[in-house]
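This report refers to the structure that appears directly beneath it.
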Amino acid sequence: MKEIKVYGPGCGRCSATAKMIEEAAASLGVEVNIEKVTDMVELARHGILSTPSVVVDGKVVHAGGLPKAEAINGWLKS
């Protein structure tokens, strides 16, 4: 199971990013646990400067703007 965190203030782009990841995981048959992190102290603690940011299994894989579908698929397959 992939552990995924979506960091951001809870904006529409953050929600859309989480939904894109959920949909991609379902289509690929990959189990994911998605956590939305909106606490600004946590964002600062992890050095998140651009949102939405995505962390997969402890590694920052995306920062700022909506991710591309190809990128999401790559994160889920690796």
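Details
- Residue separation of Ser50 and Ser15 scaled by 0.36 nm, minus their Cα-Cα distance, works out to 11.1 nm of gained length.
- Each residue of the stretch 14-21 was assigned a 3J(HN,Hα) from its phi angle through the Karplus expression (A = 6.51, B = -1.76, C = 1.60, θ = phi - 60°), giving 5, 5, 5, 5, 4, 5, 4, 5 Hz with x at Gly and Pro.
- Dipole of the chain [Lys/Arg +1, Asp/Glu -1 at C-beta], most positive-end residue of Gly8, Gly58, Leu76: Gly8
- Amide H contacts of Val37 (H built 1.01 Å from N, under 5 Å, at least 5 apart or other chain): Val6, Tyr7, Gly8
- Share of carbon and sulfur in the accessible heavy-atom surface of the chain [1.4 Å probe, %]: 52 percent
- If only the Cβ of Lys and Arg carry +1 and only the Cβ of Asp and Glu carry -1, the dipole of the chain around its Cα centre is close to 180 debye.
- Residues whose amide H comes within less than 5 Å of that of Val30, counting only those at least five positions distant or on another chain, are absent (H built at 1.01 Å from N in the peptide plane).
- Between Glu23 and Asn73, residue separation times 0.36 nm minus the direct Cα-Cα distance comes to 17.0 nm.
- In the chain, one over the average inverse separation of all distinct C-alpha pairs is 12.2 Å, which is the Kirkwood hydrodynamic radius.
- Full-extension gain in nm, Asn33 to Met1, via 0.36 nm per residue minus C-alpha separation: 10.8 nm
The values are calculated or read from the model by the stated rules, or taken from the named source; none is laboratory data. This is a predicted model, so every value here is computed, not measured. Every residue, glycine as well, gets a Cβ built from its backbone with ideal geometry; the counts of neighbours run over all protein chains shown. Areas reflect the complete protein model, heavy atoms only, side chains present, ligands, DNA and RNA absent. Shrake-Rupley method; radii C 1.70, N 1.55, O 1.52, S 1.80 Å.
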